[in-house]
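S.K.: There's a structure below that I have some questions on.
The values are calculated or read from the model by the stated rules, or taken from the named source; none is laboratory data. Quantities reported herein were computed from a predicted structural model and do not represent experimental measurements. Every residue, glycine among them, receives a Cβ derived from its backbone with ideal geometry; neighbour counts consider all protein chains shown. These area figures cover heavy atoms from the full protein model, side chains too; ligands, DNA and RNA do not enter into them. Shrake-Rupley method; radii C 1.70, N 1.55, O 1.52, S 1.80 Å.
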Amino acid sequence: MSWRADVLTLFPAMFPGTLGESLAGRALEAGTWSLKATDIREFGLGRHRAVDDTPFGGGAGMVLRPDVVDAAISSVADDRPLIFFTPRGAPLTQAKVRELADGPGVILVCGRFEGIDQRVIEARGGEEISIGDYVLSGGELPALVLLDAVVRLLPGVMGHAESGTEESFSQKLLEYPHFTRPAEWDGRAVPEVLTSGNHAAIASWRQDQAIAITKTRRPDLYAQFVATGAPAP
Ligand code: SAH
């Protein structure tokens with residue numbers, strides 16, 4: 001069975017969006033994964049299919065109603081992980097992406113307005129995920145981001161099996177820098193070791209670069225790398 005994604009959104013026309021192109025788009029056509037966007041408004045109340053209401057306690061904006069969101073979830077729910085997007089959630093990581101790619105699929109709930117009534121998140125035992133410390137206007141871009149990251153890890157989607165394991169974050173390190181032809185461009189030569197043909201020297205140069213870059217740019221990741229018993233630099 002292929003990997004299945006359901007997205008609950010007020011803007012189903014945003015899907016597959018960017019995921020209809022390139023690697024993810026080809027994999028979608030090939031049936032490696034499937035995507036269904038369901039309009040939360042189908043479960044809206046009354047003649048106007050209302051999905052939101054004013055916040056208890058006052059304040060600006062509107063909140064998605066728990067009964068409406070719950071009905072939308074019921075229409076697709078099964079044993080797949082259920083994720084609610086919110087800036088207050090756990091930051092999305094490559095480890096989480098890998099875990100989801102190894103599972104049967106995912107159900108994603110995209111917030112809008114001020115967010116979703118907290119009771120439906122708790123009642124459903126959903127996981128709250130953030131894609132970064134900034135505020136977007138809805139959970140649709142986070143859904144596209146998460147799905148893009150997962151789909152490229154599904155078996156057969158990426159050209160080289162190893163390209164998923166070597167890159168940034170897979171080893172808790174940022175990736176080493178890349179170079180291609182021409183060997184000299186605009187007065188700049190590529191690092192000599194890369195044209196040496198000495199594979200052991202190249203591997204060790206790349207590892208050193210990855211460590212050095214991580215140490216300066218992301219001391220938080222570097223500390224984790226050291227703590228998990230990294231090979232001595
Ligand atoms: N009032 C909220 C922001 C609401 S933004 C707050 O201050 O935390 C509206 C919706 O966009 C959210 O419900 C969520 O689904 C989505 N969203 C916005 N920024 C996000 C982020 N960084 N990560 C994940 N989802 C986000």
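S.K.: Looking only at the stretch 107-129, decide whether some residue is of a type outside the set (K, R), loosely packed, with under 12 Cβ neighbours inside 10 Å, within 12 Å of the ligand (Cβ to nearest atom) and at pLDDT 95 or above.
M.R.: no
S.K.: Here's another thing I want to ask about it. Name the one entry in V69, V63 that is open to solvent by less than 30 Å² (accessible area, probe 1.4 Å) and more than 20 Å from the chain's Cα centre (by Cα). Give the steps one after another, and end with the answer.
M.R.: Numbers: V63 fails: open to solvent by less than 30 Å² (accessible area, probe 1.4 Å).
Criteria check complete, one pass: V69.
S.K.: Here's another thing I want to ask about it. Can you tell me which residues in the stretch 176-197 are open to solvent by 100 Å² or more (accessible area, probe 1.4 Å) and closer than 23 Å to A212 by Cα?
M.R.: Correct list: H178, F179, T180, R188, E192.
S.K.: Let me ask you something else. V76 fails exactly one of the following numbered conditions: (1) away from the ligand (no atom under 15 Å from the Cβ); (2) open to solvent by 60 Å² or more (accessible area, probe 1.4 Å); (3) under 29 Å from the mean Cα position of the chain (by Cα). What is the number of that condition?
M.R.: Just one mismatch for V76, condition (2).
S.K.: Let me ask you something else. Run F169 past the list (1) more than 14 Å from the chain's Cα centre (by Cα); (2) surrounded by fewer than 19 Cβ atoms within 10 Å (Cβ to Cβ); (3) farther than 17 Å from V7 by Cβ and report the number of the one that doesn't hold.
M.R.: (1)
S.K.: Could you list, in sequence order, all residues of the stretch 131-184 that are at pLDDT 95 or above and among the aromatic types (F, W, Y)?
M.R.: Scanning the stretch 131-184 gives Y134, Y176, F179.
S.K.: A further question follows. Just need a number here: residues in the stretch 79-93 that are open to solvent by 20 Å² or more (accessible area, probe 1.4 Å) and more than 14 Å from the ligand (Cβ to nearest atom).
M.R.: 2
S.K.: Show the residue pairs meeting these rules: Cβ distance below 6 Å; 6+ apart or different chains; first residue within the stretch 89-104 and farther than 14 Å from E127 by Cα; second residue part of a helix (DSSP H, G or I) and of a type in the set (V, I, T).
M.R.: Going by the 6 Å Cβ cut-off, the qualifying pairs are A101/V150.
S.K.: Within the stretch 41-60, track down each residue that is under 21 Å from E122 (Cα atoms), touching a Leu at 6+ places or on another chain (Cβ under 8 Å) and surrounded by fewer than 18 Cβ atoms within 10 Å (Cβ to Cβ).
M.R.: Of everything in the stretch 41-60, nothing turns out to be under 21 Å from E122 (Cα atoms), touching a Leu at 6+ places or on another chain (Cβ under 8 Å) and surrounded by fewer than 18 Cβ atoms within 10 Å (Cβ to Cβ).
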